[in-house]
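Taking it in order: structure first as structure tokens, then the write-up.
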């Protein structure tokens with residue numbers, strides 16, 4: 001087989017995701033440092049895997065042609081770096097060297113020999129078998145759903161069920177949930193009553209992929225079974241293993257009774273938080289306390305050594321419900337993160353008591369997201 005690309009840009013777009021996903025460190029299997037190029041009856045595709053997640057890009061551009069049938073396993077890092085270093089708008093060819101574990105990448109007067117391995121040494125990337133269900137959702141809306149909860153996910157928590165995003169369907173809505181044990185974010189989008197109930201716990205590392213993709217497809221098709229999930233953009237297929245654990249019951253986390261509610265201008269609150277947080281940049285566990293009085297909220301830093309400086313600011317707000325007679329301690333970083341993933345003009349913070357989590361929500365006709373933040377001791 002021989003691959004011929006009319007330009008460096010087209011080839012880089014084709015190999016990029018697969019090459020960047022190829023990695024042997026999770027499994028210790030060195031073959032995962034390679035990508036698999038396959039040509040069959042004029043159709044070309046490339047696969048890169050780290051053992052838990054895999055990308056398969058199906059060539060859908062006239063800018064790249066392939067002659068002959070066959071397969072080729074090429075060093076992923078070298079292929080990506082070499083392609084990126086080539087001059088733009090120049091024809092590029094890739095062809096195996098007969099009798100040697102080499103492939104030649106040629107462009108103009110440049111000829112680069114890349115390491116290859118026998119195709120039979122490349123681990124099989126399993127497609128999803130025994131699919132439980134398949135459904136399609138608008139691509140941009142789904143990617144926004146994920147990116148707006150991912151900040152709250154755990155990373156390397158010993159409680160494995162926190163190191164990811166939990167997707168579940170209920171009453172025609174698809175929910176994305178993430179928590180690191182100190183905060184929780186829930187976002188939702190409508191998918192219709194025809195979609196079956198489900199619960200998928202997807203690893204954090206696999207979900208960060210969605211923040212880097214820029215596919216033009218209007219829809220994503222999602223398929224899953226008990227251990228794996230597949231996301232298909234048409235020309236790009238992403239498969240990932242699921243976390244084998246049970247995510248906590250979401251409904252039990254939110255307070256059943258809200259006693260007090262504060263409505264803020266979101267941008268003003270963000271600006272105040274960023275100002276007072278300047279004095280907490282060296283604190284491993286930063287704290288501020290919120291004190292309510294009439295129609296104002298005072299935000300004050302909580303620092304063990306007051307010689308390092310103190311900060312306070314006051315912001316106007318609309319307070320409803322029972323009077324808030326207590327100071328509420330909160331990690332300002334968590335509140336800033338929550339506000340940064342809300343896009344309405346106003347937000348509300350709902351309180352039950354000083355020792356109970358507060359709920360942060362956008363103010364609008366349709367509320368699609370909620371964040372829960374645990375209090376800190378002050």
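Suppose we filter 42, 70, 48 for residues that are at pLDDT below 95 and under 15 Å from residue 119 (Cα atoms); which single one remains?
Of 42, 70, 48, the one residue that is at pLDDT below 95 and under 15 Å from residue 119 (Cα atoms) is 70.
In segment 290-305, which residues are farther than 20 Å from residue 318 by Cβ and surrounded by 17 or more Cβ atoms within 10 Å (Cβ to Cβ)?
Answer for segment 290-305, where residues must be farther than 20 Å from residue 318 by Cβ and surrounded by 17 or more Cβ atoms within 10 Å (Cβ to Cβ): 300, 301, 302, 303.
Given the criterion farther than 30 Å from residue 50 by Cα and either crowded, with 18+ Cβ neighbours inside 10 Å or touching a strand residue (DSSP E or B) at 6+ places or on another chain (Cβ under 7 Å) (or both), identify the matching residue among 326, 334.
Of 326, 334, the one residue that is farther than 30 Å from residue 50 by Cα and either crowded, with 18+ Cβ neighbours inside 10 Å or touching a strand residue (DSSP E or B) at 6+ places or on another chain (Cβ under 7 Å) (or both) is 334.
Can you name the strands (runs of 3 or more DSSP E) wholly within segment 1-77 that have at least 2 residues being more than 22 Å from residue 207 (Cα to Cα)?
It comes to 2-5, 34-40, 43-49, 64-67, 70-75.
Taking only segment 152-173 into account, find how many residues are surrounded by 20 or more Cβ atoms within 10 Å (Cβ to Cβ) and modelled with pLDDT of 95 or more.
Here is the first cut: in segment 152-173, the residues surrounded by 20 or more Cβ atoms within 10 Å (Cβ to Cβ) are 152-153, 162-167, 169.
Restricting the remaining residues to those that are modelled with pLDDT of 95 or more gives 152-153, 162-167.
Residues flagged as surrounded by 20 or more Cβ atoms within 10 Å (Cβ to Cβ) and modelled with pLDDT of 95 or more within segment 152-173 amount to 8.
Looking only at segment 122-181, count how many residues are assigned to a strand (DSSP E or B) and in contact with a helix residue (DSSP H, G or I) (Cβ under 9 Å, 6 or more places away or on another chain).
Residues of segment 122-181 assigned to a strand (DSSP E or B): 133-138, 164-170, 173-179.
From the residues that got through so far, the ones that are in contact with a helix residue (DSSP H, G or I) (Cβ under 9 Å, 6 or more places away or on another chain) too are 137, 164-168, 174-179.
So the count comes out to 12.
For (1) more than 18 Å from residue 33 (Cα to Cα); (2) assigned to a loop (DSSP other than H, G, I, E, B); (3) in contact with a helix residue (DSSP H, G or I) (Cβ under 6 Å, 6 or more places away or on another chain); (4) without any contact (Cβ under 8 Å) to a residue 40 or more places away in the chain, each residue gets a yes or a no:
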position: 82; (1), (2), (3), (4): no, no, no, yes
position: 103; (1), (2), (3), (4): no, no, no, yes
position: 106; (1), (2), (3), (4): yes, no, no, yes
position: 111; (1), (2), (3), (4): yes, no, no, yes
position: 114; (1), (2), (3), (4): no, no, yes, no
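Please state which one of 231, 247 is within 28 Å of residue 207 (Cβ to Cβ), without any contact (Cβ under 8 Å) to a residue 12 or more places away in the chain and touching a strand residue (DSSP E or B) at 6+ places or on another chain (Cβ under 6 Å).
One residue alone meets the criteria, 231.
Is there a residue in segment 343-351 that is free of Cβ contacts under 8 Å to residues at least 40 places away in the same chain and either assigned to a strand (DSSP E or B) or within 31 Å of the chain's Cα centre (by Cα) (or both)?
Yes; the residues of segment 343-351 include at least one that is free of Cβ contacts under 8 Å to residues at least 40 places away in the same chain and either assigned to a strand (DSSP E or B) or within 31 Å of the chain's Cα centre (by Cα) (or both).
Any idea how many residues of segment 83-110 are closer than 21 Å to residue 12 by Cβ and out of contact with any strand residue (DSSP E or B) (no Cβ under 6 Å at 6 or more places or on another chain)?
Looking only at that region, the number is 10.
Can you tell me how many residues in segment 240-273 are more than 30 Å from residue 58 (Cβ to Cβ) and part of a loop (DSSP other than H, G, I, E, B)?
Number satisfying all stated conditions: 12.
Checking residue 282 against (1) modelled with pLDDT of 90 or more; (2) surrounded by fewer than 17 Cβ atoms within 10 Å (Cβ to Cβ); (3) outside any strand (DSSP E or B), only one condition comes out false. Which one?
Residue 282 satisfies every listed condition except (1).
If you check 64, 58, 46, 29, which single one turns out to be farther than 24 Å from residue 215 by Cα and outside the structural domain of residue 204 (by TED's automatic domain parsing)?
29
Are any of the residues in segment 121-139 surrounded by 13 or more Cβ atoms within 10 Å (Cβ to Cβ) and farther than 30 Å from residue 247 by Cα?
For segment 121-139, residues surrounded by 13 or more Cβ atoms within 10 Å (Cβ to Cβ) and farther than 30 Å from residue 247 by Cα: present.
Just the residues that are within 15 Å of residue 336 (Cβ to Cβ) and assigned to a loop (DSSP other than H, G, I, E, B), please, taken from segment 286-307.
Residues of segment 286-307 within 15 Å of residue 336 (Cβ to Cβ): 286-288, 290, 299, 301.
Correct list: 286, 287.
Among the listed residues 209, 237, 276, which satisfies the condition of being free of Cβ contacts under 8 Å to residues at least 60 places away in the same chain and either assigned to a helix (DSSP H, G or I) or under 27 Å from residue 59 (Cβ atoms) (or both)?
The unique qualifying residue is 276.
The values are calculated or read from the model by the stated rules, or taken from the named source; none is laboratory data. No experiment lies behind these values; they were computed from the predicted model shown. All Cβ positions, even for glycine, are placed from backbone atoms using ideal geometry, and neighbour counts span all protein chains on display.
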